[in-house]
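Structure first, commentary second.
The values are calculated or read from the model by the stated rules, or taken from the named source; none is laboratory data. Quick caveat: nothing in here was measured; it's all calculated off a predicted structure. Please note: Cβ atoms are built from the backbone with ideal geometry, for glycine as well, and neighbour counts cover all protein chains shown.
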Amino acid sequence: MVDLELTSVRDWQLLRLTTDEISVDVVPGLGGTIVSLRRRSDDLELLWQTPWGLRMRGAASIPGNSEAAMMDSFPGGWQSLFPNGGDTATAHGAEWGFDGEARVAPFDWEQAGSSVIMKTRLVRSPFQITKIISLKGGQVTVGETIRNVGGEPIETMWGHQVIFGPPLLSAGTVVDAAAAIVHPDPSVSSGSSYDDITPWPRTLMSGSMINLRTLPVADSYETRLAYLADFSRPLVSLTNPGLDLAVDLEWNSEAWPYLWYSLEAGRRSGFPWFSDGYFLALTPSSSWPAHGLHDARRESSATLWVSPDEAISTHLSLTVRAGGGRG
């Protein structure tokens, strides 16, 4: 049984879906973002929110670059990245912005049984998006369909970013992935190249080899950015035995064959984290690296072309379960 409650937070309409095991808060007017996912037995929050959280609807912003503009409306949580991912890109006659337009597009919605169906039409690219959020027990599934309603093929990037934070995230948390290989990101790992390949869970980082399976403490002055590929099964799990908690992230690898692994643990000084960020963002994606459409085309030839009237569907599920016993 799934219950739906309508409420308002900072002038945003918020949908709260609950089962006996989890509760999920969705903001249709801000990209259909999932801003909160809680385990009901102890009200433990699994997703990470930005320090400013969900700002008042219509809050003023000052001029800035594309990343700064993105941060002004970024609450954290779980968002769609489309038709661009990462650094802003000018494509097909318009600037698509940092992480694309879908994350801020207003969605209309309706309830259908145990699901919420949301729909929107983007402005800067010719796409209709349908997003279906469903709950069952301890699992939330987001299904998404993109449809090119224009008259020409469009090159895109597409993914979902799910950001985890404390208390799930800690030095005792273990990350398991069914990936075979890892590519480093030279913007974070000096001296490396996108062509460098290591077996999971190893990757190059600032001149040394690190283990992505284990996490540092919050103030370890560390940033990680890497790309996982060649999955035997599209699955990543985070386990925190001290909380008797684990989450499994599983998705459709036909549409999203790659996963971005991005960790912030106090290294990034100045805006926006000021040496105080601590989160792990996992992003199943059609493309890599996470630096916009043009870099994805140039570095990996992994962009996604969508023909006129073509519709592509995919899904992403997050399952909350017990994880190893307390203590």
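A few notes on this one:
- Subset of the range 115-136 [among the hydroxyl-bearing types (Ser, Thr, Tyr) and assigned to a strand (DSSP E or B)]: SER115, THR120, THR130, SER134
- Restricting attention to the range 204-242 and to residues that are of a type in the set (Asp, Glu) and part of a strand (DSSP E or B), the residue that is modelled with the highest pLDDT turns out to be ASP230.
- Qualifying strands (runs of 3 or more DSSP E) (wholly inside the range 1-114; at least 3 residues being surrounded by 14 or more Cβ atoms within 10 Å (Cβ to Cβ)): 12-18, 22-27, 33-39, 78-81
- Yes/no for PHE279 being among the aromatic types (Phe, Trp, Tyr), within 18 Å of MET71 (Cα to Cα) and more than 14 Å from the chain's Cα centre (by Cα): no
- Condition check for VAL140 on (1) buried (at least 21 other Cβ atoms within 10 Å of the Cβ); (2) under 19 Å from HIS294 (Cα atoms): one failure, at (2).
- Scanning the range 213-237 for residues that are touching a Phe, Trp or Tyr at 6+ places or on another chain (Cβ under 8 Å) and either under 19 Å from ALA290 (Cβ atoms) or surrounded by 22 or more Cβ atoms within 10 Å (Cβ to Cβ) (or both) yields a total of 7.
- Of all residues in the range 283-327, those satisfying the criterion of being more than 17 Å from ASP185 (Cβ to Cβ), of a type in the set (A, V, I, L, M) and either more than 21 Å from the chain's Cα centre (by Cα) or not in a strand (DSSP E or B) (or both) are VAL306, ALA311, ALA322.
- Meets criteria (in contact (Cβ under 8 Å) with a residue 40 or more places away in the chain, more than 20 Å from MET157 (Cα to Cα) and part of a strand (DSSP E or B)) for LEU259: no
- You will find that of VAL188, VAL175, the residue that is β-branched (Val, Ile, Thr) and modelled with pLDDT under 95 is VAL188 and no other.
- Looking across LEU259, LEU204, one residue alone is of a type outside the set (S, T, N, Q), surrounded by 21 or more Cβ atoms within 10 Å (Cβ to Cβ) and over 29 Å from GLY53 (Cβ atoms). It is LEU204.
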